[in-house]
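> Encoded as structure tokens, here's the structure I'll be asking about.
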Amino acid sequence: GNSVTQMEGPVTLSEEAFLTINCTYTATGYPSLFWYVQYPGEGLQLLLKATKADDKGSNKGFEATYRKETTSFHLEKGSVQVSDSAVYFCALNSGGGADGLTFGKGTHLIIQP
Amino acid sequence: GAVVSQHPSRVICKSGTSVKIECRSLDFQATTMFWYRQFPKQSLMLMATSNEGSKATYEQGVEKDKFLINHASLTLSTLTVTSAHPEDSSFYICSAIYGPSSDQPQHFGDGTRLSIL
């Protein structure tokens, strides 16, 4: 079956540091890959996505590249801000938009000023 | 952007009570809605997929008689936890998508924290 593994948190960084949150997956077929973010007190929001190999998703300074050869979709940002503090979830679906998502456990990111 | 409203946000009730959670798409017609469950420090686990006017499809290990799902319209799906017990205490989250395209993202509600005493 499908599974997503992402690095355990919490991850604590200083403002303007470089961020990487690792995500690897196991899936049948050719999954679409997603990063969702949950800010304190809010629901899940789509941060970025990639639907095929070598695609790069980007949004709000965050990027992730769909690497089929390493089955990875690592999230990166060059310079984090305090406002980036949140829980980040890596997810996939392998059956198209009408299928539910398989999520990783989430990584709690804390950015200190 | 697309908004999904989930109600109530928190429920505390006695063992044996049935609890209904509503999920509404406020500004779009949701062809498909999903129900997830999240235990503390665990990932969201898909419970079931709900299409308007048809029976929900449950994931393996999810009791359909325990977790009743009704998707009566394109803007409303409900999850009823029947005869809830303490082990049903969890965080329940719904999401909705519009249209048949595989590129459509899921829009999530804010979740319902259910506590069974």
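Read-outs: derived from the displayed coordinates by stated rules, not from any lab. Just so we're clear, the structure is a prediction, and the values are computed from it rather than from any experiment. Counting neighbours? That spans all protein chains shown, and the Cβs are built from the backbone with ideal geometry, glycine included.
> Report the per residue volume, in Å³, of the convex hull enclosing the C-alpha atoms of the protein assembly as shown.
On the way: hull volume 27.2 nm³, N = 230.
Spelled out: Cα convex hull of the protein assembly as shown, divided by residues, is 118 Å³.
> When chain B is treated as a GNM, springs tying every alpha-carbon pair under 10 Å, which of B:97, B:12, B:21 comes out with the largest mean-square fluctuation?
Looking only at B:97, B:12, B:21, the biggest GNM fluctuation is shown by B:12.
> Roughly how far apart, in whole Å, are the Cα centres of region B:29-43 and region A:50-98?
Between the Cα centres of region B:29-43 and region A:50-98 lies a distance of 19 Å.
> Another question about this same structure. Calculate the dipole size of the protein assembly as shown relative to its Cα centre from +1 charges on Lys and Arg beta carbons and -1 charges on Asp and Glu beta carbons; express the result in debye to the nearest 20.
Values: 18 positive and 21 negative charges, 85 e Å.
Taking the Cα centre of the protein assembly as shown as origin, the dipole is about 400 debye.
> What aspartates and glutamates could a cross-link reach from residue A:77, if we take a straight Cα to Cα line under 15 Å and drop same-chain neighbours fewer than 8 places away?
Counting by Cα, and skipping residues close in sequence, residue A:77 has these aspartates and glutamates nearby: A:15, A:16, A:63.
> Starting from region A:9-113, pick out the GluC sites (Glu not before Pro) whose DSSP state is loop and whose Cβ has at most 15 other Cβ atoms within 10 Å. Before the final figure, lay out each step's value.
Values: sites: A:15, A:16, A:42, A:63, A:69, A:76; in loops: A:15, A:16, A:42, A:69.
Filter output for region A:9-113: A:15, A:16, A:42, A:69.
> Between B:54, B:95, B:18, where does the largest GNM mean-square fluctuation fall for chain B, given springs only between Cα atoms within less than 10 Å?
Fluctuation is largest for B:54.
> If you average over every viewing direction, what projected area does the convex hull of the Cα atoms of region B:1-67 give, in nm²? Don't skip to the end; give the middle numbers.
On the way: hull surface 24.1 nm².
The orientation-averaged projected area of the Cα hull of region B:1-67 comes to 6.0 nm².
> Also: For a Förster distance of 35 Å, can you work out the FRET efficiency between the beta-carbons of residue A:15 and residue B:117, rounded to the nearest 0.05?
Values: r = 43 Å, r/R0 = 1.22.
After rounding, the FRET efficiency stands at 0.25.
> Oh, and also: Based on other C-beta atoms within 10 Å, arrange B:47, A:7 from fewest to most. Please report the intermediate quantities before stating the final value.
Working: B:47 25, A:7 17.
Exposure proxy ranking, most exposed first: A:7, B:47.
> Shifting gears a bit: What residue among A:89, A:20, A:72 has its Cα farthest toward the positive end of the dipole of region A:1-107, where the charges are +1 on Lys, Arg and -1 on Asp, Glu, each on the Cβ?
A:72
> Now for a different question. Kindly flag which residue pairs out of A:105/B:55; B:14/B:64; A:49/B:64; A:56/A:105 have an alpha-carbon separation exceeding 25 Å in this structure.
The pairs that break the limit, which is 25 Å between Cα atoms, are A:105/B:55; A:49/B:64.
> If you take every residue apart from residue A:61 with its C-beta less than 11 Å away from the C-beta of residue A:61, what net charge results, scoring Lys and Arg +1 and Asp and Glu -1?
On the way: positive: A:60, A:77; negative: A:63, A:76, A:84.
Local charge sum for residue A:61: -1.
> Between residue B:21 and residues 5 or more places away or on another chain, which pairs have amide H atoms under 5 Å apart, with H built 1.01 Å from N, and which residues are they?
For residue B:21, the qualifying residues are B:79, B:80, B:81.
> Using 7 Å Cα-to-Cβ label points, what is the residue A:60/residue B:13 separation (nm, one decimal)?
Going from the residue A:60 label point to the residue B:13 one covers 3.4 nm.
> Dividing the convex hull volume of the Cα atoms of region A:55-112 by its residue count, what figure in Å³ per residue is obtained? Before the final figure, lay out each step's value.
Values: hull volume 6.3 nm³, N = 58.
Expressed per residue, the convex hull around the Cα atoms of region A:55-112 is 109 Å³.
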